[in-house]
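What follows is one structure encoded as structure tokens, with my remarks underneath.
The values are calculated or read from the model by the stated rules, or taken from the named source; none is laboratory data. All values derive from a computational prediction rather than experimental measurement. Virtual Cβ from ideal backbone geometry, glycine too; neighbours counted across all protein chains shown.
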């Protein structure tokens, strides 16, 4: 399998943000026209959702550009967490749009209004679904290649768009069939789902900003790579976190106390290179601990069970 280079990653992230911004802009135009012609609150809910998408995509565009900047004297670990900050900002925008829709849905339930040009609204929603599916296909490819938290957050609220657009179609159809209250009820359901999506996006961003450990399978893979080296006796104090596109890995290697310093450094370097071969965007720091091989029991525990202090 071809490894994605940092240059490829940068290009994919930029293309994904441009595609997202362009799609949101087009959908705002067509949904605005549909709302003006139909007067449907469900269409307005979908329009507000697209407005939030555009704002979130703009935040992503700026955040991804900033996160891709090289490390400098003031940010020696890079600028990767700008992606998670963008995800947190998106959660605030999306949550605000949900509250706005809840208020308007409640008002429309108390004061129902007839809808017009419903067929226009239906065709616009079908177009919106098609455009969103195309964007999600491309974003899915980018996420697979880059594991970007910002693009994942962007894709998540575009996935909610599929549900909101589908709900809007049903609301318009039933409103045309003599059930006008289903239009504000559909908007109410959309608002609740948007609010739930905002919670998911915000929670994931907060976990990254709080330096949550990488998944257990990733930690286990790191352990397996380190322990596969014939000179390594064991490892402990494995610590990991994600910062934008950079995976930060720290661990202690247990080595024969009789090894010369230069040899111990060579072993650590080989383990570092092996880890980076599997995780090209990783920043790896390895400390070497001397052990008596005659008394040392090799640590074969899984990553989640690794001791937090060195063995005695």
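Residue 234: at pLDDT below 90, farther than 30 Å from residue 159 by Cβ, buried (at least 20 other Cβ atoms within 10 Å of the Cβ) and under 35 Å from the mean Cα position of the chain (by Cα), yes or no?
Taking the combined requirement at face value, the residue satisfies it.
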* Asked: Could you say which residue among 164, 160 is buried (at least 24 other Cβ atoms within 10 Å of the Cβ) and either touching a residue at least 40 places away in the same chain (Cβ under 8 Å) or in a helix (DSSP H, G or I) (or both)?
  -> 164
* **Residue satisfying all of: in region 169-190; within 28 Å of the chain's Cα centre (by Cα) and crowded, with 24+ Cβ neighbours inside 10 Å; farthest from residue 92 (Cα to Cα) among these** => 186
* Structure fact -> The condition from (1) more than 19 Å from residue 248 (Cβ to Cβ); (2) part of a loop (DSSP other than H, G, I, E, B) that residue 170 misses is numbered (2)
* Asked: Which residues, counting only those in region 204-227, are touching a residue at least 12 places away in the same chain (Cβ under 8 Å) and more than 21 Å from residue 253 (Cα to Cα)?
  -> 204, 205, 206, 208, 209, 211, 212
